[in-house]
1. Match the structure shown to one of the listed values [x] 22, 20, 15; [y] 25, 19, 14; [z] 41, 19, 11 of semi-axes √(5λ) of the Cα gyration tensor in Å, computed from it, and give that label.
2. Based solely on its DSSP helices, what 222 nm [θ] is calculated for the chain when runs of n ≥ 4 H residues each add -39,500 (n - 2.57) and the sum is averaged over all residues, nearest 500 deg cm²/dmol?
3. Using a Gaussian network model on the chain with a 10 Å cutoff between Cα atoms, which of LEU12, LEU125, LEU89 fluctuates the most?
4. From the phi of every residue in the stretch 114-128, what ³J(HN,Hα) in whole Hz does the Karplus formula 6.51 cos²θ - 1.76 cosθ + 1.60 yield, where θ is phi - 60° and glycine or proline is x?
5. Mind checking the per residue accessible area of the chain for me, 1.4 Å probe, whole number of Å²?
6. At a 1.4 Å probe, what is the % contribution of carbon and sulfur to the accessible area of the stretch 57-157?
7. Length gain on complete extension for the stretch ARG25 to GLU67, per 0.36 nm per residue less the alpha carbon to alpha carbon distance?
8. Could you give the length gained by full extension between ALA44 and HIS92, i.e. 0.36 nm per residue of separation minus their alpha carbon distance, to one decimal place?
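The values are calculated or read from the model by the stated rules, or taken from the named source; none is laboratory data. All figures in this text were calculated on a predicted structure; none of them were measured in a lab. The accessibility values were calculated without ligands, DNA or RNA, using every heavy atom of the protein model including side chains. Shrake-Rupley method; radii C 1.70, N 1.55, O 1.52, S 1.80 Å.
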Amino acid sequence: MAEYRFLTTWLLGAPRERAWELLERPLEWPRWWRGVVRVDEREAGNGCQVGSCYRIEWRSRIPYSIEFDFTVERVDGPALMSGRAEGDLNGHGRWRLFEDGDVTAVLYEWNVATTKPWMNAVAPLARPFFDWNHDLVMRWGGEGLARELGAPLLACT
(Lines give C-alpha, C1' and ligand atoms only; values in the text may rest on other atoms or scores of the structure.)
Protein backbone atom coordinates (compact mmCIF):
# COMPACT_ATOMS: atom_id res chain seq x y z
CA MET A 1 0.00 0.00 0.00
CA ALA A 2 1.14 3.53 -0.78
CA GLU A 3 0.94 5.87 2.21
CA TYR A 4 0.00 9.55 2.11
CA ARG A 5 0.09 12.28 4.75
CA PHE A 6 -1.78 15.52 4.13
CA LEU A 7 -2.37 18.66 6.17
CA THR A 8 -4.93 21.13 4.83
CA THR A 9 -5.67 24.53 6.35
CA TRP A 10 -8.62 26.76 5.59
CA LEU A 11 -8.77 30.26 7.07
CA LEU A 12 -12.31 31.58 7.14
CA GLY A 13 -13.75 34.94 8.11
CA ALA A 14 -16.48 33.26 10.18
CA PRO A 15 -17.08 32.07 13.75
CA ARG A 16 -15.76 28.62 14.61
CA GLU A 17 -19.18 27.40 15.80
CA ARG A 18 -20.74 28.09 12.39
CA ALA A 19 -17.99 26.22 10.55
CA TRP A 20 -18.28 23.35 13.03
CA GLU A 21 -22.04 23.09 12.48
CA LEU A 22 -21.49 22.40 8.79
CA LEU A 23 -18.51 20.08 9.16
CA GLU A 24 -20.19 17.91 11.79
CA ARG A 25 -23.04 17.10 9.36
CA PRO A 26 -21.40 14.97 6.65
CA LEU A 27 -24.76 13.98 5.15
CA GLU A 28 -25.03 17.59 3.93
CA TRP A 29 -21.51 17.82 2.46
CA PRO A 30 -22.60 16.99 -1.12
CA ARG A 31 -24.77 20.11 -1.11
CA TRP A 32 -21.84 22.49 -0.61
CA TRP A 33 -18.62 20.49 -1.14
CA ARG A 34 -17.85 19.92 -4.81
CA GLY A 35 -16.22 16.53 -5.16
CA VAL A 36 -18.36 14.81 -2.52
CA VAL A 37 -20.63 12.68 -4.69
CA ARG A 38 -22.65 11.13 -1.88
CA VAL A 39 -22.65 10.40 1.83
CA ASP A 40 -24.73 7.59 3.32
CA GLU A 41 -25.09 6.98 7.04
CA ARG A 42 -24.26 3.35 7.90
CA GLU A 43 -24.37 3.63 11.71
CA ALA A 44 -25.92 6.39 13.81
CA GLY A 45 -23.49 6.28 16.74
CA ASN A 46 -24.26 7.95 20.04
CA GLY A 47 -25.84 11.38 20.47
CA CYS A 48 -22.43 13.05 20.08
CA GLN A 49 -21.67 11.20 16.81
CA VAL A 50 -19.04 8.89 18.31
CA GLY A 51 -19.50 5.56 16.57
CA SER A 52 -21.26 7.13 13.58
CA CYS A 53 -20.17 5.60 10.29
CA TYR A 54 -20.58 7.23 6.89
CA ARG A 55 -19.92 5.80 3.44
CA ILE A 56 -18.45 8.67 1.43
CA GLU A 57 -17.83 8.76 -2.32
CA TRP A 58 -15.42 11.37 -3.70
CA ARG A 59 -14.74 12.36 -7.30
CA SER A 60 -12.62 15.12 -8.82
CA ARG A 61 -11.60 16.00 -12.35
CA ILE A 62 -10.00 12.61 -12.86
CA PRO A 63 -12.19 9.74 -14.08
CA TYR A 64 -12.45 7.57 -10.98
CA SER A 65 -14.16 7.66 -7.61
CA ILE A 66 -12.74 6.96 -4.18
CA GLU A 67 -15.11 5.40 -1.66
CA PHE A 68 -14.58 4.56 1.99
CA ASP A 69 -16.38 4.23 5.29
CA PHE A 70 -15.45 6.85 7.87
CA THR A 71 -16.16 5.98 11.51
CA VAL A 72 -16.14 8.82 14.02
CA GLU A 73 -14.00 7.90 17.03
CA ARG A 74 -13.71 11.17 18.95
CA VAL A 75 -15.70 14.42 19.10
CA ASP A 76 -14.91 17.50 21.16
CA GLY A 77 -17.04 20.18 19.51
CA PRO A 78 -16.53 22.77 18.27
CA ALA A 79 -12.80 22.02 18.26
CA LEU A 80 -12.07 18.41 17.22
CA MET A 81 -13.49 15.43 15.39
CA SER A 82 -11.46 12.40 14.38
CA GLY A 83 -11.95 8.91 13.06
CA ARG A 84 -10.79 6.14 10.82
CA ALA A 85 -11.32 5.36 7.15
CA GLU A 86 -11.69 1.89 5.64
CA GLY A 87 -12.21 1.10 1.97
CA ASP A 88 -10.35 2.46 -1.06
CA LEU A 89 -8.34 4.40 1.53
CA ASN A 90 -7.43 3.11 4.99
CA GLY A 91 -6.20 5.40 7.73
CA HIS A 92 -7.13 8.26 10.02
CA GLY A 93 -8.46 11.79 9.66
CA ARG A 94 -8.77 14.61 12.16
CA TRP A 95 -10.57 17.98 11.96
CA ARG A 96 -9.35 20.70 14.33
CA LEU A 97 -10.89 24.17 14.49
CA PHE A 98 -9.31 27.23 16.11
CA GLU A 99 -10.70 30.73 16.45
CA ASP A 100 -8.86 34.04 16.81
CA GLY A 101 -11.06 37.10 16.66
CA ASP A 102 -13.08 36.99 13.46
CA VAL A 103 -10.97 34.26 11.85
CA THR A 104 -11.42 30.49 12.11
CA ALA A 105 -8.64 28.12 11.13
CA VAL A 106 -9.87 24.71 10.02
CA LEU A 107 -7.10 22.10 9.91
CA TYR A 108 -7.56 18.65 8.43
CA GLU A 109 -4.96 15.93 8.90
CA TRP A 110 -5.39 12.96 6.60
CA ASN A 111 -3.03 9.99 6.96
CA VAL A 112 -4.08 7.18 4.67
CA ALA A 113 -2.90 4.33 2.50
CA THR A 114 -4.42 3.34 -0.83
CA THR A 115 -5.88 -0.16 -1.10
CA LYS A 116 -6.77 -0.34 -4.80
CA PRO A 117 -4.15 -2.50 -6.54
CA TRP A 118 -3.92 -0.20 -9.56
CA MET A 119 -3.33 2.86 -7.34
CA ASN A 120 -0.56 1.06 -5.47
CA ALA A 121 1.03 -0.10 -8.72
CA VAL A 122 1.20 3.41 -10.20
CA ALA A 123 1.93 5.25 -6.92
CA PRO A 124 5.68 5.65 -7.52
CA LEU A 125 4.99 7.67 -10.68
CA ALA A 126 1.53 9.06 -9.92
CA ARG A 127 2.13 10.36 -6.37
CA PRO A 128 2.39 14.03 -7.50
CA PHE A 129 -0.88 13.62 -9.40
CA PHE A 130 -2.62 12.01 -6.39
CA ASP A 131 -1.29 14.84 -4.17
CA TRP A 132 -2.61 17.44 -6.63
CA ASN A 133 -5.99 15.67 -6.72
CA HIS A 134 -6.27 15.70 -2.92
CA ASP A 135 -5.35 19.38 -2.77
CA LEU A 136 -7.96 20.20 -5.45
CA VAL A 137 -10.79 18.43 -3.61
CA MET A 138 -9.80 20.10 -0.35
CA ARG A 139 -9.71 23.51 -2.05
CA TRP A 140 -13.23 22.85 -3.30
CA GLY A 141 -14.20 22.04 0.30
CA GLY A 142 -12.78 25.29 1.63
CA GLU A 143 -14.46 27.30 -1.12
CA GLY A 144 -17.78 25.53 -0.57
CA LEU A 145 -17.66 25.97 3.18
CA ALA A 146 -16.91 29.68 2.82
CA ARG A 147 -19.73 30.07 0.29
CA GLU A 148 -22.16 28.20 2.54
CA LEU A 149 -21.17 30.40 5.48
CA GLY A 150 -21.38 33.58 3.39
CA ALA A 151 -17.84 34.30 4.59
CA PRO A 152 -14.53 34.96 2.87
CA LEU A 153 -12.01 32.16 2.41
CA LEU A 154 -8.88 34.01 3.51
CA ALA A 155 -6.46 31.20 2.72
CA CYS A 156 -6.44 27.56 1.63
CA THR A 157 -3.21 25.61 1.90
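1. Looking at semi-axes √(5λ) of the Cα gyration tensor in Å for this model, the match is [y].
2. Calculated mean residue ellipticity at 222 nm is -9500 deg cm²/dmol.
3. Comparing LEU12, LEU125, LEU89 in a Gaussian network model of the chain, the most mobile one is LEU125.
4. 7, 10, 6, x, 5, 5, 5, 5, 8, 3, x, 9, 8, 3, x
5. 51 Å²
6. 54 percent
7. Stretched out fully, the ARG25 to GLU67 stretch lengthens by 13.3 nm.
8. Working: separation 48, 0.36 × 48 = 17.28 nm, distance 1.93 nm.
Working it through step by step, the gained length comes to 15.4 nm.
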